[in-house]
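Please find one structure pasted underneath; my questions will follow.
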Amino acid sequence: MSLRLTGITLTYPDGDTRLTALDRVSLDVPRGNLTAVVGPSGSGKSSLLAVAATLITADAGTVTIDGTSTTGMSRGELTAVRRRSIGIVFQQPNLLPSLTAAEQLQVMARIDGCKPRSVRSRALELLDAVGLADRAGHRPHQLSGGQRQRVNIARALMNDPTVLLVDEPTGALDHERGAAVIDLITRLTRLRATATVLVTHDRTHLTAADRIVEVHDGRLRPSAAPR
Ligand code: ADP
Ligand code: MG
């Protein structure tokens, strides 16, 4: 398994007590698999992704990335795991206004000893893969919302991650553009063999998912088959 969550429990401080955001959640995602996570607002979806991304450490349970448990790792070790193995796409693209599409990707490159030229060609290859070959020199204000989200997705793939974590990528898009973004994520999951977890509130886009799981009050349960 490229991504394995085992018995994850996460609580947040809540006044005098603690709020349980995730309650003994387990999830296995192999490479090339798209697992969709649905559930009402506040059910724990973003918390689940943040734990899988090793951005938050759970109270209990284990996150295993590429066969290696992250339990007990130092902050530096976790950062290295993220750089090497994890791509993260949030709802808002958060692109830097002054950089071109290609530069947004190039600043992500942390490949030690990598020549600027190969970083550039990798950025262009990924922009091509998301259908933006002709937009490489455009800045965010020259791109549509859907195009900006595609730059965001390409950027997450810059370090060739095995695990791709995507949080409500269609939230700011209309139905048609949202469908195109989900379709892109599905294709990239197959093509790049990423273990992909896609959080979305919109089930209509999920016909190509391998599996849909539902979160309710921090608990995971299998959902009806996507097809
Ligand atoms: P979702 O993404 O499904 O909307 P979240 O994972 O963001 O759900 O939130 C799950 C629960 O945890 C909610 O009750 C939310 O209010 C709470 N929560 C999320 N982040 C924090 C935080 N940093 N501190 C305290 N409570 C939080
Ligand atoms: Mg959320």
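The values are calculated or read from the model by the stated rules, or taken from the named source; none is laboratory data. For clarity, every value in this text was computed on a predicted model and none was experimentally measured. With ideal geometry, Cβ positions are generated from the backbone for all residues, glycine too; neighbour counts draw on all protein chains shown. Note: accessible area is taken over every heavy atom of the protein model, side chains too, but ligands, DNA and RNA are not part of it. Shrake-Rupley method; radii C 1.70, N 1.55, O 1.52, S 1.80 Å.
Could you run through the stretch 83-108 and say how many residues are within 16 Å of ligand 1 (Cβ to nearest atom) and open to solvent by 80 Å² or more (accessible area, probe 1.4 Å)?
2
Which is surrounded by 21 or more Cβ atoms within 10 Å (Cβ to Cβ), under 21 Å from LEU206 (Cβ atoms) and of a type in the set (A, V, I, L, M), of LEU48, LEU27?
Values: LEU27 fails: surrounded by 21 or more Cβ atoms within 10 Å (Cβ to Cβ).
One residue alone meets the criteria, LEU48.
Can I ask one more? List, please: which pairs have Cβ atoms under 6 Å, are six or more places apart or on different chains, and start with a residue in the stretch 24-52 that is farther than 21 Å from ALA193 by Cα and within 16 Å of ligand 2 (Cβ to nearest atom) and end with one that is part of a loop (DSSP other than H, G, I, E, B) and open to solvent by less than 50 Å² (accessible area, probe 1.4 Å)?
Short answer, once both residue conditions are applied: GLY44/GLY218; LYS45/GLY39; VAL51/ALA58.
Which of the numbered conditions does ARG75 fail, given that it passes all the others? Conditions: (1) open to solvent by less than 10 Å² (accessible area, probe 1.4 Å); (2) within 25 Å of LEU27 (Cα to Cα).
(1) is the only condition that ARG75 fails.
Hey, another quick one. Against the condition part of a loop (DSSP other than H, G, I, E, B), open to solvent by 30 Å² or more (accessible area, probe 1.4 Å) and farther than 30 Å from THR204 by Cβ, how does THR6 come out, does it pass?
no
Shifting gears a bit: Taking GLU103, is it in a helix (DSSP H, G or I) and under 21 Å from ILE185 (Cα atoms)?
No.
Criterion first (part of a strand (DSSP E or B) and either away from ligand 1 (no atom under 16 Å from the Cβ) or surrounded by fewer than 20 Cβ atoms within 10 Å (Cβ to Cβ) (or both)) does LEU22 satisfy it?
No.
With touching a strand residue (DSSP E or B) at 6+ places or on another chain (Cβ under 6 Å) and either open to solvent by 10 Å² or more (accessible area, probe 1.4 Å) or within 16 Å of ligand 2 (Cβ to nearest atom) (or both) as the only criterion, which of LEU191, LEU173, LEU206, LEU165 stands out?
Selected residue: LEU165, the only one of LEU191, LEU173, LEU206, LEU165 that is touching a strand residue (DSSP E or B) at 6+ places or on another chain (Cβ under 6 Å) and either open to solvent by 10 Å² or more (accessible area, probe 1.4 Å) or within 16 Å of ligand 2 (Cβ to nearest atom) (or both).
Does the stretch 195-203 contain at least one residue that is closer than 21 Å to ILE65 by Cβ, modelled with pLDDT under 95 and open to solvent by 50 Å² or more (accessible area, probe 1.4 Å)?
no
Sticking with this structure for a sec: Please go through the stretch 209-227 and give me each residue that is on the phi < 0 side of the Ramachandran plot and either modelled with pLDDT under 90 or open to solvent by 60 Å² or more (accessible area, probe 1.4 Å) (or both), ordered by number.
Of everything in the stretch 209-227, those that are on the phi < 0 side of the Ramachandran plot and either modelled with pLDDT under 90 or open to solvent by 60 Å² or more (accessible area, probe 1.4 Å) (or both) turn out to be ASP210, ARG211, HIS216, ARG219, ARG221, PRO222, SER223, ALA224, ALA225, PRO226, ARG227.
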